[in-house]
Structures are given as C-alpha cells and as structure tokens.
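The values are calculated or read from the model by the stated rules, or taken from the named source; none is laboratory data. Since this is a predicted model, take the numbers as computed values, not measurements. Cβ: placed from backbone, ideal geometry, glycine included. Neighbour counts: every protein chain shown.
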Amino acid sequence: MDIAFWSAKKQAAAIAKGKIGCLELLDHYLARVETHNPGLNAVVFKDADAARKRAKAADKMRAKGDIWGPLHGVPMTIKESFDIVGMPTTWGLPELKDNYPRKNALAVDRLNAAGVTLYGKTNVPLMLSDWQSFNAVYGTTNNPWDLTRGPGGSSGGSAAALAAGLSGIEAGSDIGASIRNPAHYCGVYGHKPTYGICPPRGQALPGRVSASDISVIGPMARSADDLAIALDAMAGPDEIDAMGLRLKLPKPAKKKLKDYKVGLMLTDPNAEVDKSVQDLLLALADFLRQEGATVDETARPDIDTDEAMRVYINLLRSATSGRQTAEQFAENQALAAKLDPKDDGYGARMLRAMTMPHKDWLAVNERRYQMRLKWVEFFHDYDLLLCPTATTAAFKHNQKGERYERMIKVNGKNQPTTDQLFWAGYSGVFHLPSTVAPIGLTKEGLPVGVQIVGPHYGDRTCIAFAGMIEQGYYRFVPPPAYA
C-alpha cells in the first residue's frame, strides 16, 4: 500500500526510525494533491512553504533524536473552520474570504505540539450546515468513491482527503453528525467526543469564543489507533478551567470482543434505514456473535425516539440560532407565529426552535437531562449501542433548494435528507461519545460505517471497539481510483 494510506501512527514510526524523512513524506502528499485534488476539490487551501519549513525543522530534530510527539512529521490537513495563522477561515462565506486569523485554534496548537505538519485546509458546506460540502468560496467537493456523489458534511473535505490519500490525519467538528456522516460516506474513521472534553476555541465564526450546545470537535483518520492518538492530543480543559480540572478518560474495561454486551439498532420510524446499510450492520452482528460477543437487537435506552428527535431539533436549532441577523430573527419570528399548530414538519420545528423563548428552552433542556439518566441506566446493562450513522450510503450531488426540501431514496421511497438528523441526535444531543468505523461496501461499491455509541466519557471504549472491528473484521480500504 502507498505510504500515503498508512496510518499516521505507522508513518510516525517510519519517520522516527529514519525510514522516511518528514519533508520527503510531505512532498509525497503534495504531489498526490497536485494529481488527485483537481477532480476531488477536497483540499481548498495550501501553505506549502510554511509546511516545508516545518518539515525541514522536524527532520533536523529527528536527526538529533528529539521527537516532538506521537505524530512527529505526519502531514496533516484540517477542516476549513479551524483557525490557522497564514490561512483564511471562511466557513464558506464569501464575505470572509480574506479572514486571516491572528491566532491558531487551540486544537491546532495541540496537534502541532503532537508533531504534525499542517499544510492545508479542507472544504466545508456553507456555515457547516449540510451533508454535502459546497460553497461559493471554494466550490463543490466530490466523494472519492464516486465523483457524482457528495463526501458528506460538514467535515466532507476532511473525509475525502483522508480516503483519497491526501492527508495523514484530520480533525473536524460535529453538531449534526458532521464528523460521523462524512466518515461513513467516505469509508474512514471518525470520533465524536463526549461533549466538552475537546475545547473548541478557535473553531468558530469571528468574534465568538463560547462553546455551542451539542457541538464538539474531534479527530478523523484511517485507523482507530490514530483516533486515539489525536484525541489524546486534542482533549483536556481549556485554560479557563485547567487550574482546577483534569481530564482522565477511563481505559476500556474489556479487552476482547467476547467480553462485550452490545445493543444493535437497525432502523427507526423517525429515519428509516436502507436495507443496504442494515444488511452490513447485520453482517457485523454475525461476526461479533461468532467472536463470542452478546448482541441484543432489542436493547434500547428507555426513551421515546419521537420525543428524542423533537428534543434534538429544538436544541440543535436553538444552538445555531445565534447565526441569524436581527432582521432574519424578526422575519423568522413572524413566520413562526403564522405556523399551523399541527404542523410538525422539519421546517416548522426549525422555525419554532430558532425563535424559542429561553423559558421554553429550559423546559426542553430539562427533558434532555431526564433522558440522559435513561442512557445511564442503559449503560449499566450494556457496554455500547451499535446503530447506523445515516439512512443510506453517500447520495448523488443535490444542491437545489433548502436542505429540508431535498430527498434521497431509501428502500425505493423518497425520504427528506433531514430525517437523517435522528441518527446524529440520538446520541449527540445527550452529549455521548460515538465512533464511526467502516464495516463494508454496498453492492454499488459505496462505504458504510457503524456508529458505536458509548457512555459519557466512554470515548476510549468506543475507539477500542472500533479497533477490534478493524483488526478482526474490516479496515480502511482505499478507493480504487486513488490506491
């Protein structure tokens, strides 16, 4: 396999042993970008000069026996929404095309401390609000498994770059499956951490420093080991909390698949899952049982999934409501006031949530915390819950109209793309960690990933379980056109 597809851990080991140089590996990736990126449009900005300068310094340090960290010399790209000195942060907004931040995001500084060579940024949808990645600043990113399809979003460029061998490791953000969805669509690994363990400072629109509800940042990679390494680099309290708080994520209590007891969820009325995805989840379940694991297809937390979906949409769209201008807010208030009280469609839910009084938000948040306790009870009896990441594999490009107006085919029937939010919020709104790991290809040759949901602060268990699947069942496979 081309070294570009090696895990970051393996690349760093080769560098440490002197088998390849940091600059040599960086130039290999830059050459692949020149060859493959024009058809993908995954990497949308490069600072090759600064990267080569850092790679040369990394080579000099290695020659002295001084290794910066576990990712020493590994070339990296990162989601466009992270601030990096010398690179613009636009979130796909044309008015921000010249927004060059003066400081790095905290996660960027931490990844640099782990030794990476950051050389570029990867594409996103406008305002990070789609499961496709296109905007007026940088255009459309394609899926390396099928250029007529999207790579997912909002960390779509990140997943496409990893899958095509254009980057050694990546990082994204996730409020609506924005790490998990593109990992699933592109056949790579992604981890949505427990809420709050990875400070997002510097991954925000200009002038904003407070963390948004539900939203997290986390690693993306081509192996489970790499997720663990990058999570260690990114996690830990920000300066404002670090004087009194420490993060100590528990190690997995179980070492072998046969020791695990997991729930398996294949579909839900809120977001019917295509048979092509369900079949691969069932095949995984068969493997797990053969290995001695207990797999229960009826196990669920004792919460109503319809209510869980309503709670999520209310809190999700409240969390993003601050992006409205005063004029937009007033207009949406007027539209919400005219809604039929019986209208429970996504558009109506969104309008109500975007204009929700704080008193109503507090009531919804209270229901969330009551449901969180039900998840705690579930994890008393089960180690993990396995479920879909999305209702289908990657779908064809569709940029017409509003996202909630667009349809995808699920089991031969049209389904609003926004129904997939259920699989994002079922764990995300309750602040739980989840890892997506590839588990196979559909008959059309498109990747499918399983979502591995764990208890609060159970991040290492989610990632370790993904690693066991990787070692014994299925691992990252490069798209044929890029191998």
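Structure notes:
- In the stretch 197-312, counting only helices (runs of 4 or more DSSP H) that sit wholly within it, the ones holding 1 or more residues that are in contact (Cβ under 8 Å) with a residue 24 or more places away in the chain, not assigned by TED's automatic domain parsing to the domain that holds GLN11 and not small (Gly, Ala, Ser) span 275-290.
- Of all residues making up the stretch 340-355, the number that are in contact (Cβ under 8 Å) with a residue 60 or more places away in the chain and out of contact with any strand residue (DSSP E or B) (no Cβ under 9 Å at 6 or more places or on another chain): 0
- Search result, residues across the stretch 340-355 that are surrounded by fewer than 16 Cβ atoms within 10 Å (Cβ to Cβ) and under 20 Å from THR418 (Cα atoms): LYS342, ASP343, ASP344, GLY345, GLY347
- Taking (1) in contact with a Ser or Thr (Cβ under 8 Å, 6 or more places away or on another chain); (2) loosely packed, with under 15 Cβ neighbours inside 10 Å; (3) closer than 17 Å to TYR404 by Cβ in turn, THR320 satisfies each apart from (2).
Yes/no matrix, rows are residues, columns are (1) over 26 Å from ALA235 (Cα atoms); (2) touching a His at 6+ places or on another chain (Cβ under 6 Å); (3) assigned by TED's automatic domain parsing to the domain that holds PRO199; (4) small (Gly, Ala, Ser):
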| residue | (1), (2), (3), (4) |
| --- | --- |
| ASN37 | yes, no, yes, no |
| ALA48 | yes, no, yes, yes |
| ASP59 | yes, no, yes, no |
| ALA63 | yes, no, yes, yes |
| ASP83 | no, no, yes, no |
| GLY92 | yes, no, yes, yes |
| PRO101 | no, no, yes, no |
| VAL108 | no, no, yes, no |
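- Exactly one residue among GLY153, GLY139, GLY157, GLY172 is surrounded by fewer than 24 Cβ atoms within 10 Å (Cβ to Cβ), in the same structural domain as LEU26 (by TED's automatic domain parsing) and either within 20 Å of PRO88 (Cα to Cα) or of a type in the set (Ser, Thr, Tyr) (or both), and that residue is GLY139.
- The criterion of at least 3 residues that are within 30 Å of THR148 (Cα to Cα) and touching a helix residue (DSSP H, G or I) at 6+ places or on another chain (Cβ under 9 Å) is met, among strands (runs of 3 or more DSSP E) falling completely within the stretch 372-420, by 384-388, 407-410.
- When the stretch 20-50 is filtered for residues that are surrounded by fewer than 23 Cβ atoms within 10 Å (Cβ to Cβ) and small (Gly, Ala, Ser), the ones remaining, listed by number, are GLY21, ALA31, GLY39, ALA48, ALA50.
- Pairs where the first residue, in the stretch 150-174, is free of Cβ contacts under 8 Å to residues at least 24 places away in the same chain and part of a loop (DSSP other than H, G, I, E, B) and the second is surrounded by 24 or more Cβ atoms within 10 Å (Cβ to Cβ) and among the charged types (D, E, K, R), C-beta under 8 Å, 6+ apart: none
- Looking only at the stretch 356-377, and only at residues there that are without any contact (Cβ under 8 Å) to a residue 40 or more places away in the chain and farther than 21 Å from ASN332 by Cα, the one that is surrounded by the most Cβ atoms within 10 Å (Cβ to Cβ): LEU373
- None of LEU25, LEU30 is assigned to a helix (DSSP H, G or I), closer than 17 Å to ARG62 by Cα and either not hydroxyl-bearing (Ser, Thr, Tyr) or not assigned by TED's automatic domain parsing to the domain that holds ASN112 (or both) except LEU25.
- Annotation: GLN333 fulfils all but one of (1) in contact (Cβ under 8 Å) with a residue 40 or more places away in the chain; (2) assigned to a helix (DSSP H, G or I); (3) out of contact with any strand residue (DSSP E or B) (no Cβ under 9 Å at 6 or more places or on another chain); the unmet one is (1).
- Selection within the stretch 408-423: residues that are surrounded by 14 or more Cβ atoms within 10 Å (Cβ to Cβ) and not β-branched (Val, Ile, Thr). The member of this set that is farthest from GLY176 (Cα to Cα) is ASN411.
- When residues of the stretch 119-129 are limited to those that are surrounded by 24 or more Cβ atoms within 10 Å (Cβ to Cβ) and touching a residue at least 60 places away in the same chain (Cβ under 8 Å), the one farthest from LEU316 (Cα to Cα): TYR119
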